[in-house]
1. Work out, step by step, the length gained on full extension between ALA134 and ASP181: first 0.36 nm times the residue separation, then minus their alpha carbon distance; give nm to one decimal.
2. For a Förster distance of 30 Å, can you work out the FRET efficiency between the beta-carbons of HIS157 and MET76, rounded to the nearest 0.05?
3. Where the convex hull is taken over the Cα atoms of region 179-224, what is its projected area averaged over directions, in nm²?
4. Can you pull the percent of region 96-165's accessible area that's carbon plus sulfur, 1.4 Å probe, other chains left in place?
5. Show the residues, 5+ positions off or on another chain, whose built amide H is closer than 5 Å to the amide H of ALA152.
6. What figure, in Å² to the nearest 10, do you get for the accessible area of HIS157 with a 1.4 Å probe and non-protein molecules left out?
7. Sorted by accessible area (1.4 Å probe), largest first, how do PHE51, PHE89 line up?
8. Identify which of ALA43, ALA99, ALA91 has the largest mean-square fluctuation in a Gaussian network model of the chain, with springs joining Cα atoms closer than 10 Å.
Amino acid sequence: DDQAPSSSPLKGLRVLVTAGPTQEPLDPVRYLTNHSTGKMGYAIASAAAEFGADVTLVSGPVALTAPDAVDVVRVMTAQDMFDAVADAFPAADITIMAAAVGDFRVAEIAPEKIKKAGRSSITVELVSNPDILAWAGERKRDDGSQILCGFAMETEHLIRNAEKKLTSKYCDMLVANNLRDAGAGFGTDTNVVTVLTSGAEDAGTPKIEHWDKMDKTVLAQRLLLRLAALRSGGAS
Ligand code: CTP
Ligand code: CA
């Protein structure tokens, strides 16, 4: 970085962030979810606001308090999250999807509490949810004025899976982490990531960088500065 750091490097930009898990109801008292705590997404939303951006945070159910000066839209299901993102995405300059979205929902939510009496097992049919990141990737403006960043948590084949997500969802950046790395994973204050950025148009091969373990707050700032640089077309 040659330039003098500005205190408001994202001033004038609209940033959209998704965070946390989703909850898919099974019956009036039960749901399917995952271990996401929302820390990474909240750190990004909060850093973006500190950098002067106009921030919308679409958040699944988490125990965190809303960051200052951020417009928070609270959602439960993947479909709710999709609706909220579909509203905000067209106006967003930088979109970062850090949410752990449930890939499936229960096909038919039981209207009453499911009772155990007389049953030794039950079968629940699940159907797939919309892929919010892929939806955004397919619709993003292709003049470089809209930048899209996804996340991926993997347990194996990190680079191969992350590359596939970067290209198939038309992301400009994909931030991948391995659940099994020390200092990464659910509920931690730090993260260890591999950052993939798509090459120039038709260049095919993404740029891959392994970043050292760092606090999620620091990681959030670095990612945002990188994304802002991609948007203005600058190398960083
Ligand atoms: N994502 C999304 N909508 C979904 C599923 C995922 O927007 N229905 C986003 C996540 O927020 C994340 C990225 O897609 O930014 C990758 O999510 P991940 O679960 O790692 O990838 P999937 O494509 O769902 O593949 P799989 O879970 O099979 O690895
Ligand atoms: Ca998934």
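The values are calculated or read from the model by the stated rules, or taken from the named source; none is laboratory data. No experiment lies behind these values; they were computed from the predicted model shown. For neighbour counting, all protein chains shown are included, and Cβ atoms are generated from backbone atoms with ideal geometry for every residue, glycine included. Accessible surface is based on the protein model in full, side chains and every heavy atom, while ligands, DNA and RNA are left aside. Shrake-Rupley method; radii C 1.70, N 1.55, O 1.52, S 1.80 Å.
1. Working: separation 47, 0.36 × 47 = 16.92 nm, distance 2.66 nm.
The span from ALA134 to ASP181 would gain 14.3 nm if fully extended.
2. Values: r = 31 Å, r/R0 = 1.04.
The formula returns an efficiency of 0.45 here.
3. 3.8
4. On the way: 2170 of 4500 Å².
Summing carbon and sulfur atoms, their accessible area is 48 percent of the total for region 96-165.
5. Here the answer is VAL175, ALA176, ASN177, since their amide H atoms fall under 5 Å of that of ALA152.
6. My reading of the accessible area for HIS157 is about 90 Å².
7. Working: PHE51 30, PHE89 10 Å².
Result of the area sort, largest leading: PHE51, PHE89.
8. Residue with maximal mean-square fluctuation among ALA43, ALA99, ALA91: ALA91.
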